[in-house]
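To keep things clear, I will list the structure first and then write my remarks on it.
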Amino acid sequence: MRASGGASPRPAPPKRRGSASPTTTTTSTATKLPVRGASSSSLAMPAPRLAHLRRLLALHSPPPHPLAPSPVRPQPLLLPRAMAGAAHAGVATGSAEYEEVLRCLSSLITQKVRADTGNRGNQWALMSKYLQILELEEPIARLKVVHVAGTKGKGSTCTFAESILRSCGFRTGLFTSPHLIDVRERFRLDGLDISEEKFIRYFWWCWNKLKVKTGDDIPMPAYFRFLALLAFKIFSDEQVDVAVLEVGLGGKYDATNVVKAPVVCGISSLGYDHMEILGNTLGEIAREKAGILKKGIPAYTVPQPAEAMSVLKQRASELGVSIQVVPPLDPRQLEDQPLGLHGEHQYMNAGLAVALANTWLERQGHLDRIHVKDHGTLPDQFIKGLSIACLHGRAQIVPDPQVNSEYKDTSCPLVFYLDGAHSPESMEICAKWFTHVTEKDITQPGPLEQPRSSSNSKKILLFNCMSVRDPQRLLPRLLDTCAQKGLHFDQALFVPNQSQYSKVGSHASPPSGREQIDLSWQLSLQTVWENLLHGEKGLNGPSSSGTSLVFESLPSAIKWLRKTSRENQSTSCQVLVTGSLHLVGDVLRLIKT
Ligand SMILES: Nc1ncnc2c1ncn2[C@@H]1O[C@H](COP(=O)(O)OP(=O)(O)OP(=O)(O)O)[C@@H](O)[C@H]1O
Ligand SMILES: [Mg+2]
Ligand SMILES: [Mg+2]
């Protein structure tokens with residue numbers, strides 16, 4: 001652990017987007033992993049190694065409203081249905097064949113697609129070649145697709161829409177990204193992660209066909225493209241009634257955009273992210289996302305900044321379609337049921353999902369399945385779908401199972417508040433959610449009382465972000481939004497993600513030699529934080545000592561949190577984990593083991 005004000009030399013300020021990262025990304029390591037053809041003995045992978053592969057594969061390919069938020073309920077650590085498959089397959093129990101599948105998948109991860117224009121231009125034409133090889137053109141044309149792009153809220157919107165249509169009695173397929181713990185989270189059938197057995201079967205089918213037909217002219221598809229092709233294969237063979245597809249990155253050149261005639265399209269909240277690929281202005285970003293709109297296909301969006309909205313409208317009019325703007329859902333429409341996903345912003349995503357599901361039902365001639373009530377509330381199946389929707393790592397509250405089991409009363413001395421926000425806009429949303437749920441005097445329903453009143457609670461930030469992101473935009477947004485609501489962090493902890501150990505070793509646990517761990521990025525984050533708190537005096541300021549810490553590993557940070565919480569029993573530790581979905585996934589995995 002390194003505390004602020006310590007002897008470590010002050011690191012250089014963090015690099016901006018597009019500059020070389022002070023840490024090596026997991027991507028480059030992934031390409032070094034052995035690919036298929038390894039001897040069977042090498043398949044007996046130790047659990048930490050398998051965990052590392054799962055994390056590695058989590059790589060992406062991809063205005064608040066005034067209504068009061070729903071009551072927030074801490075979620076039990078027992079993973080609900082959608083995550084149950086992943087939890088069961090568990091990090092330690094995956095079969096040797098599954099490990100081999102993960103190894104093959106990781107060989108498809110290339111730096112190129114993420115960081116430059118590899119998914120554009122000529123490269124895009126390759127998608128149709130892959131579809132031919134896999135004989136997927138006709139099956140895709142038969143799928144009844146809901147397609148969603150956007151900067152934020154895609155996954156949540158898709159999850160709500162799928163859950164609604166499942167509650168209406170349809171067989172559903174849901175393809176989202178990224179995943180938190182296990183790659184199979186990206187593929188849900190009827191609301192459940194695809195089974196390991198099915199995943200392996202479909203994987204080899206696609207893999208082997210592609211391996212035979214690819215070579216120097218046609219390379220193997222990159223990671224996200226392969227996953228999208230796999231999703232198409234799974235959903236068509238499984239004969240789902242509806243396939244809900246989240247765009248991985250952008251829209252126009254995204255692998256999911258091979259769908260020529262979806263039933264309905266949605267564009268969730270637009271903002272700044274992935275500018276190194278999508279462009280620097282909201283207009284440019286919006287144009288890329290509007291690339292999923294199609295002639296004759298109804299489209300919906302949420303209220304957007306004017307610059308983005310005008311681009312969406314212009315593109316829609318070029319195509320001769322109207323794009324309808326859906327307001328956030330009014331909680332009264334839910335008959336007092338809370339949404340399954342928490343936070344004010346989810347009313348926005350839910351409103352979009354309702355429009356998408358409703359249009360899907362209408363266009364498929366299934367409106368007779370739902371009973372529209374005359375007093376303005378949603379049909380029962382919609383309310384049910386919205387309230388059971390589940391997506392981990394988004395505004396999720398998890399009391400620490402270890403520390404809390406030591407207390408007989410209902411208090412929760414250590415609680416994790418997890419949200420995978422990683423763009424400036426979502427930092428703000430996340431900060432609002434955290435301040436709201438930890439506010440004094442809020443009594444939460446459910447089996448667990450609110451930890452303790454905020455007067456004797458400690459607010460701790462556990463943060464990391466990928467080095468392609470700009471902490472100078474993320475951290476001030478978080479800090480300022482919290483401060484405006486009267487919340488101040490007692491401490492901030494900066495840690496590398498578990499998966500970042502890949503650069504120094506093959507295990508998911510930290511290597512023994514401390515000197516091997518490059519913490520320069522975390523030290524840079526700490527500098528940004530300290531400068532925000534104490535001005536340019538930063539780390540050398542007398543008041544800064546102890547307000548932030550850098551840990552060399554996540555397990556050591558969690559150990560420290562547990563120790564601190566045990567030593568101060570009258571104080572509850574409320575830990576906001578944010579900045580990276582990878583970090584959130586790592587924390588979820590670590591605290592349940
Ligand atoms: N409508 C929204 N507006 C702003 N931020 C949002 C919105 N919906 C979700 N978020 C934030 O974005 C995070 C990710 O949400 P979600 O998974 O739904 O989005 P996504 O678009 O799929 O993100 P990703 O880019 O990681 O795939 C949430 O944890 C939350 O912090
Ligand atoms: Mg994204
Ligand atoms: Mg997503």
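General observations
- Here LEU329 clears all of (1) modelled with pLDDT of 95 or more; (2) open to solvent by 70 Å² or more (accessible area, probe 1.4 Å) except the condition numbered (2).
- Residues that are polar (S, T, N, Q) and within 16 Å of ligand 3 (Cβ to nearest atom) within the stretch 232-257 comprise THR256, ASN257, listed in sequence order.
- Selection from the stretch 144-161 of residues that are in a strand (DSSP E or B) and open to solvent by 20 Å² or more (accessible area, probe 1.4 Å): LYS152
- Residue within the stretch 279-294 that is open to solvent by 20 Å² or more (accessible area, probe 1.4 Å), closer than 21 Å to LYS144 by Cα and not in a helix (DSSP H, G or I) present: yes
- Hits in the stretch 415-426 - residues which are over 17 Å from CYS573 (Cα atoms) and more than 16 Å from ligand 3 (Cβ to nearest atom): PRO424
- Qualifying residue in the stretch 367-388 (condition: within 16 Å of ligand 2 (Cβ to nearest atom), part of a loop (DSSP other than H, G, I, E, B), surrounded by 15 or more Cβ atoms within 10 Å (Cβ to Cβ) and on the phi < 0 side of the Ramachandran plot): no
- Restricting attention to the stretch 391-423, the residues being within 16 Å of GLY579 (Cβ to Cβ) and in a loop (DSSP other than H, G, I, E, B) number 8.
- Taken together, ILE164, ILE181, ILE218 contain a single residue that is over 22 Å from LYS384 (Cβ atoms), within 16 Å of ligand 1 (Cβ to nearest atom) and either open to solvent by less than 10 Å² (accessible area, probe 1.4 Å) or part of a loop (DSSP other than H, G, I, E, B) (or both), which is ILE181.
- Among the residues of the stretch 166-198, the ones that are under 16 Å from VAL242 (Cα atoms), away from ligand 2 (no atom under 16 Å from the Cβ) and of a type outside the set (D, E, K, R) come to 12 in all.
- Residues of the stretch 381-408 classified as out of contact with any Asp or Glu (no Cβ under 9 Å at 6 or more places or on another chain) and more than 16 Å from ligand 3 (Cβ to nearest atom), total: 18
- The set of residues from the stretch 258-289 being at pLDDT 90 or above and within 16 Å of ligand 1 (Cβ to nearest atom) comprises CYS265, GLY266, ILE267, SER268, SER269, LEU270, LEU282, ILE285, ALA286, GLU288, LYS289.
The values are calculated or read from the model by the stated rules, or taken from the named source; none is laboratory data. Everything numeric here is computed off the predicted structure, so don't read it as measured data. Positions of Cβ are generated from backbone atoms using ideal geometry, with glycine treated the same way; all protein chains shown enter the neighbour counts. The area values use the complete protein model at the heavy-atom level, side chains included, leaving out ligands, DNA and RNA. Shrake-Rupley method; radii C 1.70, N 1.55, O 1.52, S 1.80 Å.
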